[in-house]
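Colleague: Mind having a look at this structure? Questions to follow.
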């Protein structure tokens, strides 16, 4: 397969850089409770850049003549599974066992959250890209109406995925604030909020792996 540079396509790195430059000011767009929850703008930006890189990589892959839909789907499946495996392996070990102060815990958990956000972005981006791929059909072929209705189009599947992700994100933000409020007034508040956010994001990864297991299956 040709590289993006050799094929004349924009590289994922350049595309992600352009995408990040077009984003609104991070301080203006970050959630109002981001400071309270110990969530830094740089981490939010890292997630957006990760999704942008995946989107650009998927675009380059789709535009490469030598790449078939099956090859695209397989590459995305492998990327999603790898990201999931890495994060699930991380979840089996204790986070920040050597942090002896609340400040050290907060700093360590922030770093661990950044890694988890990266794996989450890679997994979610790959699943979303797979949902947007069309299955091979013959010219003029129409979707088959089955006993439960007509299958969703790729566009509808992506839109449904986006709604699910938006609702899940809103819930996690509310839960993180609730976790913070359990210890509000003390130094443990941001630590517990980060612990809750990390746990909930990992649980959401497992939820997505269950819901979109068909996309992860190798067939």
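Colleague: Please identify the pairs in which a residue from the range 177-189 that is closer than 17 Å to residue 105 by Cβ has its Cβ atom under 7 Å from the Cβ atom of a residue that is modelled with pLDDT under 95, counting only partners at least 6 apart or on another chain.
Modeller: 180/36; 180/37; 187/102; 188/102
Colleague: Kindly indicate whether any position in the range 141-161 is within 28 Å of residue 96 (Cα to Cα) and either without any contact (Cβ under 8 Å) to a residue 40 or more places away in the chain or surrounded by 11 or more Cβ atoms within 10 Å (Cβ to Cβ) (or both).
Modeller: For the range 141-161, residues within 28 Å of residue 96 (Cα to Cα) and either without any contact (Cβ under 8 Å) to a residue 40 or more places away in the chain or surrounded by 11 or more Cβ atoms within 10 Å (Cβ to Cβ) (or both): absent.
Each row is one residue, and each column tells you yes or no for (1) within 22 Å of residue 209 (Cβ to Cβ); (2) assigned to a helix (DSSP H, G or I); (3) modelled with pLDDT of 90 or more.
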position: 39; (1), (2), (3): no, no, no
position: 49; (1), (2), (3): no, yes, no
position: 56; (1), (2), (3): no, yes, no
position: 60; (1), (2), (3): no, yes, no
position: 71; (1), (2), (3): no, yes, no
position: 87; (1), (2), (3): yes, yes, yes
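Colleague: Can you go through 185, 140 and tell me which one is part of a loop (DSSP other than H, G, I, E, B), modelled with pLDDT of 95 or more, over 19 Å from the mean Cα position of the chain (by Cα) and more than 19 Å from residue 79 (Cβ to Cβ)?
Modeller: After ruling out the rest, the residue left standing is 185.
Colleague: If you don't mind, another one. Would you mind finding the one in 173, 215 that is over 18 Å from residue 79 (Cα atoms) and either crowded, with 20+ Cβ neighbours inside 10 Å or within 16 Å of the chain's Cα centre (by Cα) (or both)?
Modeller: Going through 173, 215 in turn, just one is over 18 Å from residue 79 (Cα atoms) and either crowded, with 20+ Cβ neighbours inside 10 Å or within 16 Å of the chain's Cα centre (by Cα) (or both): 173.
Colleague: Quick one: in the range 100-120, of everything that is within 19 Å of residue 176 (Cα to Cα) and within 9 Å of the chain's Cα centre (by Cα), which residue is surrounded by the most Cβ atoms within 10 Å (Cβ to Cβ)?
Modeller: 120
The values are calculated or read from the model by the stated rules, or taken from the named source; none is laboratory data. Keep in mind the model is a prediction, meaning the values are calculated, not measured. Cβ sites come from the backbone with ideal geometry, for glycine too, and all protein chains shown count toward neighbours.
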